[in-house]
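Here is the structure we will look at.
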Amino acid sequence: MKPSEAIWMDGELIPWGQAQIHVLSHSLHYGNAVFEGMRAYATPGGPALLRLREHVRRMFRSCAVLDMEIPFSPEAVEQAVIDTVRRNGHESCYVRPLVFRGAGPLGVLPKGNPIQLIIATWEWDSLHGNEAVESGVDVCFSSWRRMAPGTHPSMAKASGNYLNSQLVIQEAVRNGYAEGLVLDVDGYLSEGSGENLFLVQDGAIVTPPIGNSILEGITRDMVIQLAREMGLELRERRIPREAIFFAEELFMTGTAAEITPVRSVDRRAMEGGAPGPVTKRLQEAFFSIVEGRVPDRHGWLTHTREASS
Ligand code: PPE
């Protein structure tokens, strides 16, 4: 990872190398940090953040679940993200805001640890590689299950949830796959370690609802909107494991993974190919908006470069 110039920390931009914390920071011990991941895409009008407001809103909601009060307003955080992208001079980048409980007393019950916020940016290819977006990835079913409802809050993007995600992706990669598909506690399809899942079945788009222990992805939301606009039938419903093998296409969505087609599951090829025709249409619709090749009719983009006079 190539360091950028600056990281925003607790209200100011400081050099990348100086953005450090104490080893007794509460969140390091108890996994209670909250993070976001968003992207700025290169457009003809300069870098543009995708769904800035929604990412910041989700971060505040995640913190509310964990009873963490962010010491900045949502508007101040949005501005800080813009300032960080500008300062680091990126044309395109990944943005990682992180809220955590800092140094202070230890013990599971947080007592008096300051709530800190950092925003880092760096240039990052698609999660599974840019070629994966073009030609798909091979995945497996994970032997792990997603957190059961009433255990970890899957709707909150809390770092502790990513212990489960790491078990999933480490196992998958160890066995020669790019990613694992995870079932929920009842055996229904949930998500990938860092992506939501979509099937194309009989030409309709099918995706698990939030009740199946998923993170309610912002890319997922955009794909749902685009699919509806194309007149595709959209079904949000519980998906049994075997439905994967009746599906023509399967793809994964996420800020880091963008729209990554799945080529095979447990070595069984998806019959519609990767990307299949529906996935390809959705990819084209998505990338043409985020790269500013067509008008931003949904208001998804926030340009970070001041208009030159
Ligand atoms: N589920 C999980 C578990 C998840 O982590 C992500 C994003 C999604 C779904 C998709 O959400 P959205 O980005 O809002 O469409 N995962 C982030 C972290 C990835 C990483 O490797 O780090 C991301 O994509 O930024």
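Summary table
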read-out: In segment 115-133, the residues that are open to solvent by 40 Å² or more (accessible area, probe 1.4 Å) and part of a loop (DSSP other than H, G, I, E, B); value: E123, W124, D125, L127
read-out: Set T260, T302: member being of a type in the set (V, I, T) and either open to solvent by less than 10 Å² (accessible area, probe 1.4 Å) or within 12 Å of the ligand (Cβ to nearest atom) (or both); value: T260
read-out: Qualifying residue in segment 48-56 (condition: under 20 Å from A156 (Cα atoms), in a loop (DSSP other than H, G, I, E, B) and modelled with pLDDT of 95 or more); value: yes
read-out: Residues being within 16 Å of the ligand (Cβ to nearest atom), touching a residue at least 60 places away in the same chain (Cβ under 8 Å) and not acidic (D, E) - total across segment 93-132; value: 17
read-out: Single residue of G107, G102, G89, G112 found to be surrounded by fewer than 19 Cβ atoms within 10 Å (Cβ to Cβ) and modelled with pLDDT under 95; value: G112
read-out: Which numbered condition V294 fails, given (1) out of contact with any Asp or Glu (no Cβ under 7 Å at 6 or more places or on another chain); (2) in a helix (DSSP H, G or I); value: (2)
read-out: Number of the exception - V223 against (1) within 17 Å of G299 (Cα to Cα); (2) more than 15 Å from the ligand (Cβ to nearest atom); (3) surrounded by 14 or more Cβ atoms within 10 Å (Cβ to Cβ); value: (2)
read-out: Hits in segment 143-161 (condition: among the hydroxyl-bearing types (S, T, Y) and part of a helix (DSSP H, G or I)); value: S159
read-out: Residues of segment 199-226 that turn out to be in contact (Cβ under 8 Å) with a residue 40 or more places away in the chain, in contact with a Ser or Thr (Cβ under 7 Å, 6 or more places away or on another chain) and of a type in the set (G, A, S), as a count; value: 1
read-out: Residue ID - nearest to the ligand (Cβ to nearest atom), chosen from residues in segment 157-175 that are over 25 Å from F100 (Cα atoms) and touching a residue at least 24 places away in the same chain (Cβ under 8 Å); value: A172
read-out: Residue match in segment 59-77 (condition: open to solvent by 20 Å² or more (accessible area, probe 1.4 Å), among the aliphatic types (A, V, I, L, M), within 16 Å of the ligand (Cβ to nearest atom) and not in a loop (DSSP other than H, G, I, E, B)); value: yes
read-out: Residue satisfying all of: in segment 16-47; within 16 Å of the ligand (Cβ to nearest atom) and assigned to a strand (DSSP E or B); farthest from G102 (Cα to Cα) among these; value: Y41
read-out: Criterion: modelled with pLDDT of 95 or more and assigned to a strand (DSSP E or B) - qualifying residue of L167, L181; value: L181
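The values are calculated or read from the model by the stated rules, or taken from the named source; none is laboratory data. This is a predicted model, so every value here is computed, not measured. All Cβ positions, glycine included, derive from the backbone under ideal geometry; neighbour counts span all protein chains shown. Please note that ligands, DNA and RNA were not included when accessible areas were found on the heavy atoms of the full protein model with its side chains. Shrake-Rupley method; radii C 1.70, N 1.55, O 1.52, S 1.80 Å.
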